[in-house]
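Following: one structure in structure tokens, then a few remarks.
The values are calculated or read from the model by the stated rules, or taken from the named source; none is laboratory data. As the structure is a computational prediction, the values presented were derived from the model and not from experiment. All Cβ positions, glycine included, derive from the backbone under ideal geometry; neighbour counts span all protein chains shown.
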Amino acid sequence: MKEISNREFVKMVEAASTFLDQNAEFVNSLNVFPVPDGDTGTNMSLSLDSGLKYVNESASTAVGDLAGALAKGLLMGARGNSGVILSQIFRGFSKSVNGKTTLSAKDLAAAFAAGAETAYKAVMKPTEGTVLTVVREAAKAARDTAASSDDIVEVMDATYKAADAALATTPDLLPVLKQVGVVDSGGQGLTFVLQAFDDVLNGKEIKFDKKHQPNPTEMDEMVDAEHHRSVQGKLDPNDIVYGYCTEIMLRLGKGKQVDQKFDYDKFYNYLAGLGDSLLVVNDDEIVKVHVHTEHPGKVMAWGQEFGDLAKVKVDNMRLQQETIMKEDQQEESAEATPLQGSTETPETAIITIAAGDGIKTLFESLGATTVISGGQTMNPSTQDIVDAIQASGAKQAIVLPNNSNIFLAAEQAQKVVGVPTVIVHSRSISQGMTALLGYEAENSLADNQSAMEENLSTVKSGEVTHAVRDTTVDGFDIKEGDFMGIIDGKIAVVTADLEEAAIQMTNKMLDDDSEIVTIIYGEDTTEAVAEKIQSAVSDMDDELEIEIHEGDQPVYPFIISVE
């Protein structure tokens, strides 16, 4: 194979998205800490799903444009640090292939090299033994192979094999991985992506799940009005090049006008000349087509050469766009009219991220204007953070991630949101709450960021959760089901009893300067257990002020802070 066309590229992305989705739980299981919040696989899968969505909505047949759509979709859908790094790999990839209709072997190799370079630049302190090592070694193999071969399959083979080999070395580069006996989870996710690319280019059959490749007999609508809205935006109806959204479903071999045996490439290529936004899916009996064209009749006539028309649907997109624009104008007019009794838009939006209704209420009581639902078990995407800032209507924003795995997504949102935004790098719920105490409405954005960041060091954060597997970490022999007390990100206590884990952890957090202990109990425990912990802590130091709050948070039965 000498080049990658739009057809191969779309298949590569579809296959990678499916493969990541199918293996997300395995990637999650590679989390170093045996806690029930390992979400690298989930984050990478959801991020790539967003990239695929943007690719499928692109009307272009140029690979450079499709790669740009992939990068944009990955960026806006990026979840967790792993999802953001994946988006940066394909950001560099897309910039390298910008303007190209197809990709040669050298184009592909250069794109991977650019992806590796962009990913390294995106991380403030690059660490070897991670996904960065995997992408760098994969890119090097691609460049070395492309220097002597113009066969894309050969280049992709070398790329995937080098990634797999680099992945195997990650435990030697990061001692904690070797200690636990796993490879880097982000590196594994990327290796799955490259494996899927390699499988497609080698012609291996890809078992697409229904999310990515629906059975034609189960597809009532491939593209609805919302698709046209997202593609067209505020486009003038007269500027739509191909005005008829045409969908047909064929029963292969049936009908009086059939005179050809179905050949996918021949069938697809003819339709590609009639318009854009082409999608053709088939099984042995059914073919479903979606295309934007000026000649719906030609689409139907072509289909009838292979089978009879089981279903036909034609929409005038110019007419649809006129309606959409009228609706948008009405919505904008309604938004411009203030509601009676509506509250004043805040000058500064304070966006924080947390899970649990009780914790949400606590943040709001401390001055947060928006609480995005998420955190340990579901990191919000870049788009989620951007949407929250824009929905606030504020002139500027402060974002409290409350989780280091959300830092990169927050920083990407900061770059694209369009209003002055700062990040206060809170690593936990406790830090986020303490940071909010440093906010003063009359201060500048920079001064508030500085004051809130300073507050982060005044609190110790403790979390209690259970182990999901047997392992050895930081000198602790941990059995599945044990309870762990984690202080500022490090395991400090391991015991079989929940209450005892919380008490021992809190004891380790106390010192002579401790004044306030806050106990937030989650959905998997009760206020009665929290009161027992309160009593035990009071016995340690009867001068402590101890508060109990219902947080309703998942994953962590207790979040405890000491100030």
Considering each of Gly255, Gly273 in turn, give the residue that is farther than 21 Å from Asn6 by Cβ and either surrounded by 13 or more Cβ atoms within 10 Å (Cβ to Cβ) or modelled with pLDDT of 85 or more (or both).
Gly255
Considering only residues that are polar (S, T, N, Q) and buried (at least 17 other Cβ atoms within 10 Å of the Cβ), look in the range 506-560 and name the one that is farthest from Lys360 (Cα to Cα).
Ser514
Residue ID - surrounded by the fewest Cβ atoms within 10 Å (Cβ to Cβ), chosen from residues in the range 483-499 that are of a type in the set (D, E, K, R) and not in a strand (DSSP E or B):
Asp497
Restricting to the range 30-88, name every residue that is surrounded by fewer than 24 Cβ atoms within 10 Å (Cβ to Cβ) and of a type in the set (Lys, Arg).
Lys53, Lys72
Quick one: is Thr345 among the β-branched types (Val, Ile, Thr) and either at pLDDT below 60 or not in a helix (DSSP H, G or I) (or both)?
yes
Return yes or no: is Glu480 touching a residue at least 12 places away in the same chain (Cβ under 8 Å) and in a helix (DSSP H, G or I)?
no
Looking at the range 297-318, which of the residues that are of a type in the set (A, V, I, L, M) and either modelled with pLDDT of 90 or more or not assigned by TED's automatic domain parsing to the domain that holds Asp284 (or both) is surrounded by the most Cβ atoms within 10 Å (Cβ to Cβ)?
Val299
Can you tell me which residues in the range 121-148 are outside any helix (DSSP H, G or I) and within 16 Å of Ala111 (Cα to Cα)?
Ala147
One residue from Val27, Val97 being farther than 18 Å from Thr130 by Cβ, buried (at least 23 other Cβ atoms within 10 Å of the Cβ) and touching a Gly at 6+ places or on another chain (Cβ under 8 Å)
Val97
Taking the range 455-470 on its own, how many of its residues are surrounded by 19 or more Cβ atoms within 10 Å (Cβ to Cβ), among the polar types (S, T, N, Q) and over 11 Å from Val494 (Cα atoms)?
2
